[in-house]
Each structure stands twice: as structure tokens, then as C-alpha cells.
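Scroll down for the structure; my scribbles are underneath it.
The values are calculated or read from the model by the stated rules, or taken from the named source; none is laboratory data. Predicted model, so just to flag it, every value in this text is computed and none were measured. Cβ coordinates were reconstructed from backbone atoms using ideal geometry, including for glycine residues, and neighbour counts include every protein chain displayed.
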Amino acid sequence: MLVIDDGSSDDTGATARAAGATVLRTIGLGKGGAILAGCHAAIAAGAARVILLDGDGQHDPDEIWRLAAAAHAGADLVIGARSRDRGCQPFHRRSANRLGSLIVTLAAGRRTWDSQSGYRCADPRRILALGLRSRRYDLETEWCVRAGRQGWRLREVPVRTIYGDKPSGMHPLTDTGRFLRAILRGWARGG
């Protein structure tokens, strides 16, 4: 297991090491930059696939098998689609996710129900080959658009989502602008 600790001020690194993980400490790369750094480290370690999950506790690691099974069945990109149960997801997150996923679907040419999910499985070499330019939360959006336009086989599998009281790290205005730029960037670069 590899944990990318991108400048956390808590005990993330020490806790991960104590659990047996390899920890790559970076500073200020942003979520997207940390994902790309993790892909490079995974390739160096000989990994054929990576399963990514956010460190906010929202994704249940016991469901990794769902993503691995879909990848084994031939999917190029597997997304853990968060519950569409209206009672589970906070209204503002559900609304933003639905609108974002609709726009990503149109730009990618492939239906994507949860384009912003951070629970994913793919070949790290193929991720890096996309030439993604985004470095924050918008990387996953650009990834969906580029992969869709290049004909990747996308599969979404339902996963349970844990919504705690931890606020989202996304900024509504700044990150919305980044998402729109990532969609345009992915669409403009074509397949």
C-alpha cells in the first residue's frame, strides 16, 4: 500500500507507516499532483494497476474488490460510483456532482454518473499517458473527459459512501472554475 501524504499537518504519515504502508511525502502538489506522483511511484514499484481512494474517510476500503473485479473483467477505468440514494449525500454535493457529471458526459461522449468520485482503478501508465494538466480536484474531471474521448472502457460500480462531518476541501467558486477549465482542456485535446 502506498500513501501520498501531501503536506498534512496531522499524523497521517506516521499512522500509515505503522499500518505497514509506504509513505511518499510531498508538499503542496494538490490532489491531482499527488495522484500523478503516486502513479509514478506505483510504476517504479512494478504495479500494473492502481486503486485510488481519497484520504478523507469517505470511501470504504472493504469495497476495493468491486473495483478490482471490474478492472479484471476488462474495464480501463473503474469508478466507484457513490450511492445515488438521495438521503445519503448532502444536497449541495449531490447537486454539484450531478451537474458536473452531466457536463463531463457531454464532453467525454460517454455516460458518467459520478465523474468526481475519488475511488478509481486504472493502469498508472495509461493515466500518465493522458498528459493530464490539472493538479487539484479537477484532475479526475479532466481524466474522465480525456479517457472517454480516447475510447477507454469505463465501468462504474456502486460503492457505499461514508459522509462524516468533515467539510469538503473544495472551494465552490475556485474549484468550479477549475472543473470547467479541465472539461474544456480535455475536450479540446481530443482523442
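Table for the structure above
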read-out: Residue list for region 37-54, restricted to those being over 20 Å from GLU156 (Cα atoms) and small (Gly, Ala, Ser); value: ALA37, GLY38, ALA41, ALA42, ALA44, ALA45, GLY46, ALA47
read-out: When residues of region 110-146 are limited to those that are aliphatic (A, V, I, L, M) and assigned to a loop (DSSP other than H, G, I, E, B), the one farthest from the chain's Cα centre (by Cα); value: LEU130
read-out: Filter pass, VAL23 being without any contact (Cβ under 8 Å) to a residue 60 or more places away in the chain and surrounded by 15 or more Cβ atoms within 10 Å (Cβ to Cβ); value: yes
read-out: Some residue of region 118-131 being closer than 25 Å to GLN58 by Cα, at pLDDT below 95 and crowded, with 24+ Cβ neighbours inside 10 Å; value: no
read-out: Test: ALA107 is in a helix (DSSP H, G or I), buried (at least 21 other Cβ atoms within 10 Å of the Cβ), among the hydrophobic types (A, V, I, L, M, F, W, C) and touching a residue at least 12 places away in the same chain (Cβ under 8 Å); value: yes
read-out: Residue among LEU99, LEU53, LEU139, LEU77 that is among the aliphatic types (A, V, I, L, M) and surrounded by fewer than 14 Cβ atoms within 10 Å (Cβ to Cβ); value: LEU99
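Residue-by-condition table, conditions (1) surrounded by fewer than 18 Cβ atoms within 10 Å (Cβ to Cβ); (2) at pLDDT below 95:
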| residue | (1), (2) |
| --- | --- |
| MET1 | yes, yes |
| GLY7 | yes, yes |
| ASP10 | yes, yes |
| ALA18 | yes, no |
| ILE27 | yes, yes |
| LYS31 | no, yes |
| ILE35 | no, no |
| ALA42 | no, no |
| ALA45 | yes, no |
